[in-house]
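Everything on this sheet refers to the single structure shown next.
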Amino acid sequence: MNVAVVVFPGTNCEHDVKHALGLLDIKSELVFHLETDLSAFDGVVLPGGFAHGDYLRTGAIARFSPVMDSVAALAQAGAPVLGICNGFQVLCEAGLLPGALVANRDLSFICKPIHVRVESATSVLTAATEPGAVLRIPLNSYEGNYVADPATLDELEANGQVLLRYCDEAGNPTEPANPNGSERNIAGVANAAGNVAGLMPHPERAVETILGSTDGLGLMRSMATFLELAGATP
Amino acid sequence: MRFRIDIRRKEGLSDPEGLTTLTALQNLGYSAVTDTHFGRTIYLDMDGDDAAAASEEVESMCRRLLANPVIEDFDIEVVG
């Protein structure tokens, strides 16, 4: 498969994502946000950073970048679309994922490794992982606090769209293990079809022993696994 | 024509800044305060004299970009 890694002005994790995909033999190319044709790609990653300076709200300006119509078209066609951190915020603003991300509960920027538990393994983010697996990956955000109204949250739970939950080392999604106050400890969600997903932690920063964890590899591989399971050519 | 747009978090959604400030106010002894909500104010200057048409356009701006309807409500007012 060939993955477009979108670069908005202010994106800063694009090379990490490309490197991580490369370790997994997944081909990718950096694509500037002014590009309007993504038809050459089988999937898209919106990486972390501070797209358009995070002005107004995180992701609010980026969702109107020229590339976003093509991202929406790929999403509707069932192709893998993954948003990491700021990319997750952009997908929520664009209405491609439910909910929104607001300031952390304690109003502090959080930059540390945290634990998440895989809740559902049928998505573009989790297809190569096992439900119940506990992963240690870095979190690096100020607006990582996931919110949605109770009806939306219930629907996400019922449909298996909650992909990752913040938890302690043993896998318990406790309140102290919730770093940013996210509703129901939610760290990552998908759309109903499972082909569009977003998460606040950075799996691309947990792909080599020298980085302190390789727990992000399964998450980064999942786009390809999702396509294989769907019967497409990876 | 000048518009004032007030944007605030929907009732019932978490507002960490409001909650932290509420705690601080109560710690200072202002025990009558029961809730604190933060919002933002945007001022827009618009050309033209058709207030109704301009208001409609400002409302469209709010729905599409200036506010996030998932988490925010907004009010629009002509102030000059």
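For segment B:1-18, taking the residues that are away from chain A (no Cβ under 13 Å) and within 12 Å of the chain's Cα centre (by Cα), the one that is most open to solvent (accessible area, probe 1.4 Å) is identified as B:4.
Every condition in (1) closer than 27 Å to residue A:154 by Cα; (2) within 17 Å of the chain's Cα centre (by Cα); (3) open to solvent by less than 50 Å² (accessible area, probe 1.4 Å) is met by residue A:177 except one, and the failing one is (2). Scanning segment A:193-234 for residues that are β-branched (Val, Ile, Thr) and either touching a strand residue (DSSP E or B) at 6+ places or on another chain (Cβ under 7 Å) or not in a helix (DSSP H, G or I) (or both) yields A:196, A:207, A:214, A:233. Taken over segment A:99-120, the criterion of being within 14 Å of another protein chain (Cβ to nearest Cβ) and of a type in the set (Lys, Arg) is satisfied by A:105 alone.
Quick grid of which residues meet (1) surrounded by fewer than 20 Cβ atoms within 10 Å (Cβ to Cβ); (2) in a strand (DSSP E or B); (3) modelled with pLDDT of 95 or more:
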position	(1), (2), (3)
A:105	yes, no, no
A:111	yes, yes, yes
A:114	no, yes, yes
A:123	no, no, yes
A:132	yes, no, yes
A:154	yes, no, yes
A:160	yes, no, yes
A:170	yes, no, yes
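Here residue A:9 fulfils each of the conditions (1) touching a helix residue (DSSP H, G or I) at 6+ places or on another chain (Cβ under 9 Å); (2) assigned to a helix (DSSP H, G or I); (3) open to solvent by 30 Å² or more (accessible area, probe 1.4 Å) apart from (2). Flag: residue A:24 matches the condition of being in contact (Cβ under 8 Å) with a residue 24 or more places away in the chain, over 26 Å from residue A:54 (Cβ atoms) and within 18 Å of the chain's Cα centre (by Cα). All conditions but one from (1) aliphatic (A, V, I, L, M); (2) in a strand (DSSP E or B); (3) open to solvent by 10 Å² or more (accessible area, probe 1.4 Å) apply to residue A:189; the one that does not is (3).
Yes/no per residue for (1) touching a residue at least 60 places away in the same chain (Cβ under 8 Å); (2) crowded, with 18+ Cβ neighbours inside 10 Å; (3) within 13 Å of chain B (Cβ to nearest Cβ):
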| position | (1), (2), (3) |
| --- | --- |
| A:31 | no, yes, no |
| A:49 | no, yes, no |
| A:61 | no, yes, yes |
| A:72 | no, no, no |
| A:77 | no, no, no |
| A:86 | yes, yes, no |
| A:97 | yes, yes, yes |
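What are the residues in segment A:33-47 that are assigned to a loop (DSSP other than H, G, I, E, B) and either open to solvent by less than 30 Å² (accessible area, probe 1.4 Å) or not hydrophobic (A, V, I, L, M, F, W, C) (or both), if any? The answer is A:33, A:35, A:36, A:37, A:38, A:39, A:41, A:42, A:47.
In this structure, residue B:76 qualifies as of a type outside the set (D, E, K, R), away from chain A (no Cβ under 13 Å), surrounded by 15 or more Cβ atoms within 10 Å (Cβ to Cβ) and under 30 Å from residue A:94 (Cβ atoms). Filtered by the rule that a residue be over 16 Å from residue A:230 (Cα atoms) and assigned to a helix (DSSP H, G or I), segment A:61-82 gives A:62, A:63, A:64, A:68, A:69, A:70, A:71, A:72, A:73. Within segment B:44-66, the presence of a residue that is more than 13 Å from chain A (Cβ to nearest Cβ), open to solvent by 90 Å² or more (accessible area, probe 1.4 Å), in a loop (DSSP other than H, G, I, E, B) and aliphatic (A, V, I, L, M) is excluded.
If you check B:36, B:21, B:41 for being of a type in the set (S, T, N, Q), within 14 Å of chain A (Cβ to nearest Cβ) and exposed (fewer than 12 other Cβ atoms within 10 Å of the Cβ), only one passes: B:41.
The values are calculated or read from the model by the stated rules, or taken from the named source; none is laboratory data. Just so it is clear, the model here is predicted, and its values are computed rather than measured. Cβ: placed from backbone, ideal geometry, glycine included. Neighbour counts: every protein chain shown. Accessible surface areas use protein heavy atoms only, side chains included; no ligands, DNA or RNA. Shrake-Rupley method; radii C 1.70, N 1.55, O 1.52, S 1.80 Å.
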